[in-house]
Protein chains: 2
Amino acid sequence: MSKKQCSMTIGVLAKAAGMGVETIRYYLRRGLMAEPEKPYGSIRHYDEQALARLHFIRTAQWLGFSLDEIGGLLTLQDGTHCDEARVLGEQKLTSVRQKISSLQRIERALDGLVQECCAQRGNVECPLITSLQDGLENTRLLPD
Amino acid sequence: MSKKQCSMTIGVLAKAAGMGVETIRYYLRRGLMAEPEKPYGSIRHYDEQALARLHFIRTAQWLGFSLDEIGGLLTLQDGTHCDEARVLGEQKLTSVRQKISSLQRIERALDGLVQECCAQRGNVECPLITSLQDGLENTRLLPD
DNA sequence: GTTACTCCCGTAGTCAGCTACGGAATCAAG
DNA sequence: CTTGATTCCGTAGCTGACTACGGGAGTAAC
């Protein structure tokens, strides 16, 4: 599956990682990727490690880490900072759980509004709109 | 609770709504609030309706509507477009539910990684970091 | 050797939703 | 009538993560 002596230009790497060339160049500028050597002329060549790094970034992004935080994670990469990595993971987990419960409250509120709309069909007053105007007081699901 | 003949300057309104003056001026520019009359000189005066509008905006924002979408909701405000409002609510509800389930997958993935970190304490390899490098394949919770 | 593609680099633009700045006008209090 | 706060308006800046553009250089295929 993975070739050992794999040397890619930025365009090939971008295709392999499923992202744009400019994105990779942006990560280089941000310092998220090491500048690779330029074996021939002035054109950079990337290897499997570079591709792995892009996977790392994309996965961490999906987990909710910002590019700055990902930069932090990458400094822990030698494997000797497991505790620090765990702490970052726990913090992110906490914030993810907060987002979930917040969204669940939103879900309940929206669901209630839509139900009311369905029930009151034909009425002059739209309960969804009037609830927004009245600030959702009766739902007891107010914003934080 | 609510005074009938309430006339506020933008600063008072901002304080009442708990937001900044510049934010309200921004909403005016975006067309989310009607330009109020300027009874004396060139200074705008706002009433209870303006405050209600700000509540509307903030609540709808909390529910996940963008300012553009809120502009759309506001055109339905006369109460005769209950069906359209319900459709918008249902769409938003769907996207909120998608976000929730996506975040729940993230939660499971992160939780797994943190657990592994705790278990493997003292190990040279940090399982959180290596999982990110390997793309989370073993967790079967990959990004969409 | 010519054409067509890709690469390099730096800079600037995009999106949403604000937030800040500067200078003039106006208002309320003393 | 002065002082100081507030308002007006237009414009510009901010954040995060890209995305695009322009012009020059290198590279690959025919």
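The values are calculated or read from the model by the stated rules, or taken from the named source; none is laboratory data. Please read all numbers here as calculations on a predicted model, not as lab measurements. In this analysis, Cβ positions are derived from the backbone assuming ideal geometry, glycine residues included, and neighbour counts consider all displayed protein chains. SASA here: full protein model, heavy atoms, side chains in, ligands and nucleic acids out. Shrake-Rupley method; radii C 1.70, N 1.55, O 1.52, S 1.80 Å.
Annotations for the structure displayed:
- Single residue of the range B:55-73 satisfying the filter (more than 7 Å from DNA strand C (Cβ to nearest atom) and closer than 14 Å to B:Y26 by Cβ) that is surrounded by the fewest Cβ atoms within 10 Å (Cβ to Cβ): B:G71
- Exactly one residue out of A:L13, A:L67, A:L54, A:L88 is among the aliphatic types (A, V, I, L, M), touching a helix residue (DSSP H, G or I) at 6+ places or on another chain (Cβ under 7 Å) and over 28 Å from B:E116 (Cβ atoms): that is A:L13.
- Residue match in the range B:107-117 (condition: open to solvent by 20 Å² or more (accessible area, probe 1.4 Å), at pLDDT 85 or above, polar (S, T, N, Q) and in a helix (DSSP H, G or I)): yes
- Residues (within 8 Å of DNA strand D (Cβ to nearest atom) and either within 14 Å of chain A (Cβ to nearest Cβ) or assigned to a helix (DSSP H, G or I) (or both)) located in the range B:25-41: B:R25, B:Y26, B:L28, B:R29
- Residue selected from the range B:1-24 under the condition within 14 Å of chain A (Cβ to nearest Cβ) and at pLDDT below 90, by the criterion nearest to DNA strand C (Cβ to nearest atom): B:S2
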